[in-house]
Ligand code: MRU
């Protein structure tokens, strides 16, 4: 994706360093962060400097490669085993993280160079899958469609292009005259901050929607379809995605609006029989009680936006049952959210 006329990936590795767009500063500041070792990369995943299923998958793969590069000759295996556990402990829900760590861990059994090579393959495959998802998803979009999306499943959430936003970019660039409703996506506001910033950069017409306005919007006939991403998809099609997705899916079904998931095959977890097996990350209630943004002088400040005497809950994801999903757009084609079609992908 281009920012200020220059082509960027969300995350990449050069030598032993991992470089990433510092997403916590967006949309107010565009900055590249350099992580020189796997523990710093772990910290950047935990703090959501890098976030979104594909991007944290790539980050985790690169972190595993960094661990191989750093491992001492004495105690090599223990070091690698411990690093694997530390990387896997950063965020529990996105399947891509575990998928990438496992692949690089196995590749490193042959050589350190092989681990680096595998981490790069994962990043390249992620970008290619997102491109293909864009092509398949674009076929669903008719001229003039008003599409609603939740959270950010754009290029920032992947290595490039994105999933839910990839068909939107393709449709826009093929002149379909589309419009995008961007769910704000509290508490971290990935929609209002990141998706809106991406769409603005790409010149896609859009507006931000308060999280609680979805039913009003859909009941008024202002939405033609909804496309969202996924963090983990169970073998029966139940899908974990950013908190609030399930609510939107219920409303979409109520009004007969097609509700699509866009995700690469690396997000499917056949070991999860249903959504009940998916671990939902719970994050600090600070994210609900406080907001950050620039003051009048452009200095980023954190301010409390809730009653000082109260605490909050902060589940980061929810699971949308397969019954509420019209179809899943993958890099291999569009499938129904059922076990038979999911198994046919592998
Ligand atoms: O907590 P995040 O920002 O890493 O979560 C990302 C999401 O849940 C997005 O909704 C996205 O659709 C899935 S990742 C592409």
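Values quoted throughout were computed directly from the atomic coordinates according to the rules given, and no laboratory measurement underlies them. In this text the structure is predicted, and so the values were computed from the model without any measurement. A quick note on method: Cβ atoms are made from the backbone with ideal geometry, for glycine too, and the neighbour counts reach across all protein chains shown.
At-a-glance table
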item	result
Residue order, fewest to most surrounding Cβ atoms within 10 angstrom, among 1, 225	1, 225
Rounded if a/c under 1.5, otherwise prolate or oblate - the stretch 122-195, Cα gyration tensor axes	oblate
Residues residue 292 and residue 254, FRET efficiency given R0 of 35 Å [Cβ-Cβ distance, rounded to 0.05]	0.50
Cα pair distances exceeding 35 angstrom across the chain, given as percent	19
Length added when fully stretched, residue 39-residue 77, from 0.36 nm per residue minus Cα-Cα	12.0 nm
Per-selection Rg to Rh, the stretch 275-346 - Cα, Kirkwood hydrodynamic radius	1.22
Alpha-carbon Debye profile of the stretch 235-312, log10 I(q)/I(0) at 0.19, 0.21 Å⁻¹	-0.95, -1.00
Exposure proxy order (Cβ contacts within 10 Å, fewest to most) of 64, 13	13, 64
Rounded FRET efficiency, nearest 0.05, which uses the C-beta distance separating residue 14 from residue 280 and R0 of 45 Å	0.85
Three-way shape label, the stretch 2-130, alpha-carbon gyration tensor, a/c 1.5	prolate
Structure-based [θ]222 nm, the chain - -39500 (n - 2.57) summed over DSSP H runs of at least 4, per residue, nearest 500	-10500 deg cm²/dmol
Gain in span if fully extended, residue 173 to residue 305, counting 0.36 nm per residue against the direct Cα distance	43.6 nm
R0 of 35 Å, Cβ-Cβ distance residue 224-residue 121: FRET efficiency to nearest 0.05	0.40
0 to 90° range, to nearest 10: angle between helix 245-254 axis and the chain longest Cα axis	30
Between 0 and 90°, nearest 10: helix 76-88 axis offset from the chain longest Cα axis	10
Tilt relative to the chain, helix 95-107 - C-alpha long axis, 0 to 90 degrees, to 10	20
DSSP beta bridge pairing in the chain, given as percent antiparallel to the nearest 5	60
